[in-house]
Amino acid sequence: MEYGNLLVENRDGIVIVTINRPKALNALNRDTLNDLKAFFGQDALKIQGLKGVVLTGSGEKSFVAGADISEFNGLDAQGGLEMSQNGHDIFFLIERFHKPVIAAVNGFALGGGCELAMSCHMRIAGEKARFGQPEVNLGIIPGYGGTQRLIQYIGKSKAIELLLTADMIGAEEAYRLGLVNHVVPAGEEVNKAIEILTKIAAKAPIAIEKIIECVNAYFPTEGFNREVIEFANTVKTEDFKEGAAAFLEKRVADFRGK
Ligand code: CO8
């Protein structure tokens, strides 16, 4: 298993997958999404004795700082629709994976990064972790399931506040709201995830698989389809072009509602 942007380490059946683009704060570009698709869709299914997966980010600063904004240049509505749908498909692969997947969140988990962490079955936050859905700063909406899964974890009231304000929250608040399962000292996120996966590995594998299926079956999926469509609709706007340009030019966006 060789990937351009993932490091994969098998520790006695617990596989640590590290998103490895630290200079871009591990932002999800197309190649990284393709790597995740190959890992969860094909390669991981062939690992003998797989107990579970830990997903983390390279470096101390960031888990994943979102979709790669440098790839937004020239994106049209059809491209936005396809990218969003592709992301949904990959994140559902993770959410529906037959073995437990735990996000070890070592820093920023923003936009697509927060959405990626939410598609995992559990989240361990280091004390420096920061969570948020800053898409409205870019003139778009979350396009990888954030409008749906954030509600699932923290409820409508706080979810809509975070989605509309783009406010970031720290690890302790994320824990208080129910977004993360545990907060640990920085650097201990992966170890805590391994500890939990080791405990689960001693249980009946078929029962574990069926619990994952049943928990997922509780939640409706229509809202995800709506999110793909509305993401593409925001990609059509001038506000999106302004928001993405403002980020890359390191200035505040001037939105006109067009
Ligand atoms: N994409 C691309 N590059 C990024 C991203 C990103 N999301 N985030 C950071 N970087 C890059 C910066 O451009 C910078 O590069 P360079 O050194 O070449 O200038 C480098 O990483 C370091 O970043 P900063 O200098 O900005 O570091 P700071 O410590 O000052 O700030 C932040 C850290 C707060 C994390 C800041 O980088 C930031 O706000 N990043 C963007 C966060 C964001 O808006 N994320 C959401 C993106 S949109 C999204 O995820 C939508 C998902 C759905 C998409 C659906 C289909 C396309």
Hits in region 5-25 - residues which are on the phi < 0 side of the Ramachandran plot, open to solvent by 30 Å² or more (accessible area, probe 1.4 Å) and away from the ligand (no atom under 16 Å from the Cβ): LEU7, VAL8, GLU9, ASN10, ARG11
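Considering only region 43-69, state which residues are near the ligand (Cβ under 10 Å from one of its atoms) and either within 19 Å of ILE212 (Cβ to Cβ) or open to solvent by 70 Å² or more (accessible area, probe 1.4 Å) (or both). Break it down stepwise before answering.
Of the residues in region 43-69, the ones near the ligand (Cβ under 10 Å from one of its atoms) are 61-62, 64-69.
The answer is LYS61, and nothing else.
Can GLN85 be described as part of a helix (DSSP H, G or I), surrounded by fewer than 21 Cβ atoms within 10 Å (Cβ to Cβ) and away from the ligand (no atom under 11 Å from the Cβ)?
Numbers: part of a helix (DSSP H, G or I): yes; surrounded by fewer than 21 Cβ atoms within 10 Å (Cβ to Cβ): yes; away from the ligand (no atom under 11 Å from the Cβ): no.
Criteria not met by GLN85.
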Looking only at region 32-42, and only at residues there that are closer than 12 Å to ASN86 by Cα, more than 11 Å from the ligand (Cβ to nearest atom) and not polar (S, T, N, Q), the one that is least open to solvent (accessible area, probe 1.4 Å): LEU36
Residues of region 129-161 classified as more than 13 Å from the ligand (Cβ to nearest atom) and in contact (Cβ under 8 Å) with a residue 24 or more places away in the chain, total: 3
Complete set of residues in region 116-162 that are open to solvent by 20 Å² or more (accessible area, probe 1.4 Å), in a helix (DSSP H, G or I) and under 18 Å from ASN86 (Cα atoms): THR147, GLN148
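Would you list the helices (runs of 4 or more DSSP H) that sit entirely within region 188-258 and hold 1 or more residues that are of a type outside the set (A, V, I, L, M), out of contact with any Asp or Glu (no Cβ under 9 Å at 6 or more places or on another chain) and crowded, with 17+ Cβ neighbours inside 10 Å?
Numbers: elements: 189-201, 205-217, 222-235, 238-248.
Answer list for region 188-258: 189-201, 222-235, 238-248.
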Region 95-115 - residue that is within 15 Å of the ligand (Cβ to nearest atom) and part of a helix (DSSP H, G or I) and, of those, farthest from ALA204 (Cα to Cα): GLY112
Every pair of residues 6+ apart whose Cβ atoms lie under 6 Å, when the first sits in region 195-216 and is closer than 15 Å to ASN181 by Cβ while the second is part of a helix (DSSP H, G or I) and of a type outside the set (Phe, Trp, Tyr): none
Pair list, Cβ under 7 Å, 6 or more apart: region 20-47 residue of a type in the set (Ser, Thr, Tyr), other residue open to solvent by 20 Å² or more (accessible area, probe 1.4 Å): THR32/ASN5; THR32/ARG21
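The values are calculated or read from the model by the stated rules, or taken from the named source; none is laboratory data. Since this is a predicted model, take the numbers as computed values, not measurements. Positions of Cβ are backbone-derived with ideal geometry, glycine not excepted, and every protein chain shown enters the neighbour counts. Ligands, DNA and RNA are excluded from the accessible area calculation, which covers all protein heavy atoms including side chains. Shrake-Rupley method; radii C 1.70, N 1.55, O 1.52, S 1.80 Å.
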